[in-house]
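S.K.: Below you'll find the structure I mean.
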Amino acid sequence: MSESSISYDSVVDVCRDRHRRIVLAVLAGEQRRLTVNDLTKAIAKHNHHVAVTEMATEDLSGLQLSLHHLHLPKMEAAGLVDYDQERGLVEPTEQFERVRPQLSALIDADPDHESPVEL
């Protein structure tokens, strides 16, 4: 998808999943490149309410696999992040910055969202 165009429906579609909303909220707050491990920790903390060190190994592996194979590729396909799979790095794009107000509104509308979402 072109970085110059992302529809509102695409933004809403990306935000349908709670894990993706957490990733987007963390990226918006940090405004820098993060590792998949950083994002895994944030999801564990904000969605599962545990430290990553307290998660069962299989749950942690499942979470990382879902980020690697599902969530991050979907956000990359929408043009919101650049995902370097080999290095495990995720960085917000210029497109992310352009749709940040829409992302913030959708993330803030989540009744289960605890603000701010931090690492």
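S.K.: Residues of the stretch 59-77 with the amide nitrogen closer than 14 Å to a label point 7 Å from the Cα of His48, along Cα-to-Cβ, please.
M.R.: Within reach of a label on His48: 59-68.
S.K.: Just the Kirkwood number for the chain, please: inverse of mean 1/r across all distinct Cα pairs, in Å, one decimal. Please report the intermediate quantities before stating the final value.
M.R.: Values: mean 1/r = 0.0704 Å⁻¹.
Answer for the chain: a Kirkwood hydrodynamic radius of 14.2 Å.
S.K.: Relative contact order (percent) for the chain, with alpha-carbon contacts under 8 angstrom and 6 or more residues of separation? Intermediate values should be presented prior to the final figure.
M.R.: Details: 135 pairs, mean separation 45.1, N = 119.
Across the chain, relative contact order equals 38 percent.
S.K.: Once the other residues with Cβ under 13 Å from the Cβ of Asp17 are scored (Lys, Arg +1; Asp, Glu -1), what is the net sum?
M.R.: +2
S.K.: Moving on to the next point. How do Asp84, Asp38 rank when sorted from fewest to most other Cβ atoms within 10 Å of their own Cβ?
M.R.: Asp84, Asp38
Every number here is computed from the coordinates shown, using simple stated rules; none is lab data. None of these values were measured; they are calculated from a predicted model. Counting neighbours? That spans all protein chains shown, and the Cβs are built from the backbone with ideal geometry, glycine included.
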